[in-house]
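Accompanying notes for the structure given below.
What follows draws every value from the coordinates through simple rules; no lab data is involved. Because the structure is a prediction, the values reported are computed rather than measured. FYI the Cβ positions are ideal-geometry reconstructions off the backbone, even for glycines, and counts take in every protein chain you see.
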Amino acid sequence: MTAVVVLPGMDGTGLMLAEFVEALGPKLPSTVLRYPTQEALGYAELQARLLTELPQSGSFLILGESFGGPLALLLAASRPSGLVGVVLCASFSQFPVGALRAAAGLARFVPTHIAPSFLLSWLLLGRWSTAALETALASALASVSQKALRARLEDALRVDASQALSKIEVPLLYLQASHDRVVPASAGSDIVRSTRNTSLVQVGGPHFLLQASPAACAQEVRRFAGF
């Protein structure tokens, strides 16, 4: 039985992934690998920690959501035993907006805990926003320290996992959000052009695609896994 290892977005808590995990169904059991909530760890440190948490037997997929995408690529590039595929959801190998990459150093000064809720809702959820999702988002962010969020934001803007992408030999699925206000469509196109065995599927939804369209995303992952 193939399992799914899910790497969450920037909050790293997995608190907003319950519906997606449930939608995957019993034939595709999943595990969410959570990131430390208080430590200021970037991709290299997270990669080293999470490598030991990958399944030690059986076949599995790695699914990286948003911030978790480059981490999924870095882990997959080490070619762990049992890895049969990689899924990237609303993610990137290198952040596609050059101006933001150049300003990565400013991320350490971003007041992560006082961003207006309406702005986060517009940016991450758009017209798919609900009271339940907004509450879950606030709860997830509140459980993570500012220094941890700032470190992840800075590293997300700086990361370049393109070399890792070139080392991946298993099939890759890119789930593109139709109305993503964070990651432009070019990010998925760049990954498709850079690999030989990648398929891109657009799913209706915002940047928080797994949260807003869990059933549709789960269906695509099941199809990719052969179910």
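For the reader, a short list of remarks on this structure follows.
- For Val192 and Arg223, the FRET efficiency from 1/(1 + (r/R0)^6), where r spans their Cβ atoms and R0 equals 25 Å, is about 0.90.
- When each of the peptides 193-205, 78-90 is scored by how many other beta carbons lie within 10 Å of its residues on average, the order from highest to lowest is 78-90, 193-205.
- For the options Leu24, Leu51, Leu125, a Gaussian network treatment of the chain with springs between C-alpha atoms closer than 10 Å singles out Leu51 as fluctuating the most.
- Rounded to 5, the percent of DSSP beta bridges in the chain classed as antiparallel: 5 percent
- Of (1) 30, 21, 14; (2) 24, 20, 18; (3) 41, 20, 14, the label for semi-axes √(5λ) of the Cα gyration tensor in Å derived from the coordinates: (2)
- Local net charge near Asp11, Cβ-Cβ under 12 Å (Lys/Arg +1, Asp/Glu -1): +1
- With K and R counted +1 and D and E -1, the other residues having a Cβ less than 14 Å from that of Ser59 yield a net charge of +2.
- Within a Gaussian network of the chain (alpha carbon springs, distance under 10 Å), most fluctuating of Ala72, Ala136, Ala185: Ala136
- Counting only DSSP H runs of at least 4 residues, each contributing -39500 (n - 2.57), and dividing by the residue count of the chain, the helix-based mean residue ellipticity at 222 nm comes to -11500 deg cm²/dmol.
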